[in-house]
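Worksheet for the structure shown next.
Bear in mind that the values in this text are calculations on the coordinates, not laboratory data. A quick note: this is a predicted structure, and the numbers were derived from the prediction, not measured. Reconstructed Cβ throughout: ideal geometry from the backbone, glycine too, with neighbour counts over all protein chains shown.
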Amino acid sequence: STFEVREDGDAYVLELRLSFAAPEDLDVHQLGDQLVVQVANQRSNYILPNFLNYYTMTEATLQDGWLHVRFTPDPESSSN
C-alpha cells in the first residue's frame, strides 16, 4: 500500500491506510530513510521521500483506519 505526505505548517504528515490495525498492536518508528510500521507480528518498511531526511518523526496516531505520522524539522538542521 502507498502513502501520501501533506504539508502542515512547518511539519509534514504522512498518511497511510491501515484498515485492520488496532492501536495496541501498532509500533511505528523511523529508521534512517525508512518508516517501519509493525502491526502485531507483521512488519512493513516504507522508503521515505528524500526531503524527510531533515525531519524527525514526532507522533504517530491511528484514526478511522488511517495512520497519521507527523514529521517536524530537525533542530540541528535549521539554519536560523
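Things worth noting here:
- Cβ-derived FRET efficiency at R0 25 Å, ASN41 paired with VAL5, nearest 0.05: 0.40
- Among HIS29, HIS68, the order by Cβ neighbours within 10 angstrom, fewest to most, reads HIS29, HIS68.
- Choice from GLN34, GLN63, GLN42 showing the highest fluctuation, given a GNM over the chain with Cα pairs closer than 10 Å: GLN42
- The Cα center of the stretch 51-72 and the Cα center of the stretch 6-48 differ in position by 7 Å.
- Net charge, LEU18 excluded, C-beta distance under 15 Å - Lys, Arg +1, Asp, Glu -1: -4
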